[in-house]
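J.: The structure follows.
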Amino acid sequence: MRLIAKIVVWFVAISVGLTVLYRFVPPPVTVTMLVDGNGITKDWVPLSRIDRNMVAGVVAAEDGKFCTHNGFDTDAIEKAMERNAKGGRIRGGSTISQQTAKNVFLWQGEGWTRYLRKGLEVWFTFLIENLWDKRRIMEVYLNVAETGIGTYGVEAGAQRYYGKSAAHLTPSEAGRMAAALPSPKTRSVKNPAGFTRRYGNTIAARIGTVKRGGYDSCVYE
């Protein structure tokens, strides 16, 4: 019991310490990057150099309640659980905050390790929601998310797919990148077809709604 208590204390101390550090310092590397056999291409940029179309695009695609929840969207989680109970491909109800916690501190994982990760994900989501602000969560998310094979962050993705900075993305370009985020190794951004093209167009059309409705307002307060 004494050993377990020490492990818990050290885990809490280290996790809180890292979370505080990453509030101000860009995470240098993630587990996902380290195990990627395709190498790592990334270019950290501050949120001020990422077009608002990209922010609105990921809010529209991934987390419409980003500015109002405390890290967890209970409605989305319940709906995901209902779908998964029916069998078939497992679908998540993760928020941008949860995805950021996973991408920065944890691993992707399949099988039983996925359930272990989910438990730790709750803890790290709680930490970033309380030790970071929403702007920082969005900034980190857009810089560490996998945007293509061996490509991480929207700046590296924009350079790869469009040959320009993420500071100058059109709604269509941002929509296509957001559409590929759930499966960046298989969904084409540059020449999308089928579902990715349709979904990207849908996201692009929603970007204006996100801006007008202030669904991304917490990022710019």
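The values are calculated or read from the model by the stated rules, or taken from the named source; none is laboratory data. Computed from a predicted structure; not experimentally measured. Cβ: placed from backbone, ideal geometry, glycine included. Neighbour counts: every protein chain shown. Just so you know, the surface numbers come from the protein's heavy atoms only, side chains and all, with ligands and any DNA or RNA stripped out. Shrake-Rupley method; radii C 1.70, N 1.55, O 1.52, S 1.80 Å.
J.: Count charges around Lys164 for me, please; just the other residues with Cβ under 13 Å from its Cβ, Lys/Arg as +1, Asp/Glu as -1.
T.: It works out to a net charge of -1.
J.: For the chain, which DSSP H helices look membrane-span-like by this rule: Cα extent along the axis of 18 Å or more and mean Kyte-Doolittle of at least -0.5?
T.: For the chain, where a helix must reach 18 Å along its axis and average at least -0.5, the hits are 2-22, 112-131.
J.: Sort Arg187, Arg136 from largest to smallest accessible area, using a 1.4 Å probe on the heavy atoms of the protein chains.
T.: These residues rank, largest area first, as Arg187, Arg136.
J.: Please give the peptides 111-122, 191-202 ranked by average Cβ packing (other Cβ atoms within 10 Å per residue), highest first, as a rough proxy for protection.
T.: Ranking the peptides 111-122, 191-202 by packing returns 191-202, 111-122.
J.: Please quote Rg/Rh for the chain to two decimal places, taking the Kirkwood radius as Rh and restricting both calculations to Cα atoms.
T.: A ratio of 0.96.
J.: Provide the gained length on full extension for the span Ala205 to Arg23, in nm with one decimal, where the gain is 0.36 nm per separating residue minus the Cα-Cα distance.
T.: Net length gain for the segment: 62.3 nm.
J.: Using helices alone, what [θ] at 222 nm do you get for the chain, with -39,500 (n - 2.57) per DSSP H run of 4 or more residues, divided over all residues and rounded to the nearest 500?
T.: -18500 deg cm²/dmol
J.: Just tell me which lysines come within less than 17 Å, Cα to Cα, of Lys164; anything on the same chain fewer than 8 places away is out.
T.: Partners within reach: Lys42, Lys190.
J.: With a 1.4 Å probe and all protein chains in place, put Ile77, Ile40 in order of accessible area, largest first.
T.: Ile40, Ile77
J.: Also: Which order, highest average first, do 205-215, 13-23, 150-160 follow once you tally other Cβ atoms within 10 Å for each residue and take the mean per peptide?
T.: With the highest mean Cβ count within 10 Å placed first, the list reads 150-160, 205-215, 13-23.
J.: Net charge around Gly214, counting only other residues with Cβ within less than 13 Å of its Cβ (Lys, Arg = +1; Asp, Glu = -1)?
T.: Once positives and negatives cancel, what remains is +3.
J.: Here is a further query. I'd like the accessible area for Thr30, computed on protein heavy atoms only with a 1.4 Å probe and all protein chains in place. Round to 10 Å², please.
T.: Answer for Thr30: close to 10 Å² accessible.
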